[in-house]
Amino acid sequence: MSRTAQFRQLLGSNALQIVVGAHDALSARIAERAGFGALWASGLGITASIGLRDCSEASVTQVLAVLEYMADATSIPILVDGDSGYGNFNNVRQFTRKLEQLGLAAVCLEDTAFPRKNSFAVGSHDLVSPAEFCGKIRAAKDAQTDENFALIARTETLVAGRSLNECLDRAAAYRDAGADGILVHSAAPDASQVLAFARQWQRRSPLVAVPTTYYRTPIAELEAAGVSMVIWANHLLRASVRAMQSLCEQIGRERTVAAAVPSMTSISELFALLDYDELREAEALYLGSDTKSPAPER
Ligand code: SPV
Ligand code: MG
């Protein structure tokens, strides 16, 4: 089954799906090997890993380069955090076509104005009008060539401090414009806003939540309210940052890695993650035997 079809199946599933955020090819490969059915290509994660802020600092080509590595390194579907689409409807449709060409399975576009800010960054969060955002959704849906390529419309209405009613109105308009699912984001420390939205949304389309701030809410509670997909968006990145910081501190203190190595991934585990064995097998197949073990020079 194609990756786009696999993602469609997950999105339409009756059981709540857990999706993990990755930020580069290696983290994507790790999440795939752990058995997840789909990945979130996190804007926060990708920009952080190239040393930029998640505030429209990275260009579309910089992000596409990372997405291409991620798609090439995995075979499960990837839902791309497309931010506000890197411009207007025209940039959105170019972006959509490019994602399809590179093997990404779905895109999530949000109704923020350019330049955007990460939802948890201090400062104002400006939205575009529902009409403008619906135009972007329609442009993306018209641009896709694979009918299974999915578009998730993300509304930042609650992050922007606006009302639940506006959030519901926007979500309904986005669904009517052709969105295959709705992502309702919230920066609140508890899930009350998202649960209230979910209960009123009444499963009118697949509903995605990103519980970065309300991570303590039981998954069963989100599911019972009508959330169908949960994204743990930035936790692989955050866990790896802490691990690297701790190791740096330890090396600074002890001047040696002796005590740290046993708890690390071994070089051979790293090789296994990157399929070094496949290369050995391919060498046996394709390298001529005369070139395999050249006679030592005298
Ligand atoms: C991202 O991973 O870039 C997201 C999710 O958009 S969050 O950072 O939690 O807003
Ligand atoms: Mg993002």
Nearest-ten-degree value, helix 89-102 long axis tilted from longest Cα axis of the chain: 30
Test item: Cα-centred dipole of the chain, Lys/Arg +1 and Asp/Glu -1 on Cβ, debye: 560
Rounded to 10°, Cα long-axis angle of helix 60-72 versus longest principal axis of the chain: 60
Area accessible to solvent at ARG8, 1.4 Å probe radius, in Å²: 70
Cα gyration tensor shape of the chain, rounded if a/c is under 1.5, else prolate or oblate by comparing a/b with b/c: prolate
Solvent-accessible ranking of TYR86, TYR214, TYR69, TYR276, largest area first, probe 1.4 Å: TYR69, TYR276, TYR86, TYR214
Chain lengthening between GLN250 and PHE114 when straightened (0.36 nm per residue, less Cα-Cα): 44.8 nm
Interchain or long-range residues, amide H under 5 Å from LEU39's placed H: ILE78, LEU79
Whole-Hz ³J(HN,Hα) from phi, Karplus 6.51 cos²θ - 1.76 cosθ + 1.60, for region 201-214, glycine and proline x: 5, 6, 6, 5, 7, x, 10, 10, 10, 10, x, 4, 8, 9
Prolate/oblate/rounded label for region 38-112 (Cα gyration tensor, a/c 1.5): oblate
Nearest-0.05 FRET efficiency for ASP190 and GLU278, computed from C-beta distance (R0 41 Å): 0.30
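For the chain, which whole percent of the accessible surface, found with a 1.4 angstrom probe, sits on carbon and sulfur atoms?
Accessible surface attributable to carbon and sulfur in the chain totals 53 percent.
How much length is gained if the chain between ALA224 and ARG203 is pulled fully straight, taking 0.36 nm per residue apart and subtracting their Cα-Cα distance, in nm to one decimal?
Between ALA224 and ARG203, full extension yields 6.5 nm more.
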Virtual spin-label span in nm between SER2 and ILE18, 7 Å along Cα→Cβ: 3.0
Bridge type composition, the chain - antiparallel percent by DSSP, nearest 5: 5
Residue-level accessible surface for ASP146, protein heavy atoms, 1.4 Å, Å²: 50
Region 107-193: antiparallel DSSP beta bridges as a percent of all, rounded to 5: 10
Three-way shape label, region 166-297, alpha-carbon gyration tensor, a/c 1.5: oblate
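What's the local net charge at THR96, with K and R +1, D and E -1, over the other residues with C-beta under 11 Å away? Could the numbers behind the result be given before it?
Values: positive: ARG93, ARG97, LYS98, LYS136, LYS141; negative: GLU100, ASP142, ASP146.
My count for the surroundings of THR96 gives +2.
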Heavy-atom surface of region 1-144, accessible at 1.4 Å and reported per residue (Å²): 41
The chain: calculated mean residue ellipticity at 222 nm from DSSP helix runs of at least 4, using -39500 (n - 2.57): -14000 deg cm²/dmol
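The values are calculated or read from the model by the stated rules, or taken from the named source; none is laboratory data. From a predicted model like this one, the values you see are computed outputs, not experimental measurements. FYI the Cβ positions are ideal-geometry reconstructions off the backbone, even for glycines, and counts take in every protein chain you see. Just the protein is used for accessible areas: all its heavy atoms, side chains included, with ligands, DNA and RNA removed. Shrake-Rupley method; radii C 1.70, N 1.55, O 1.52, S 1.80 Å.
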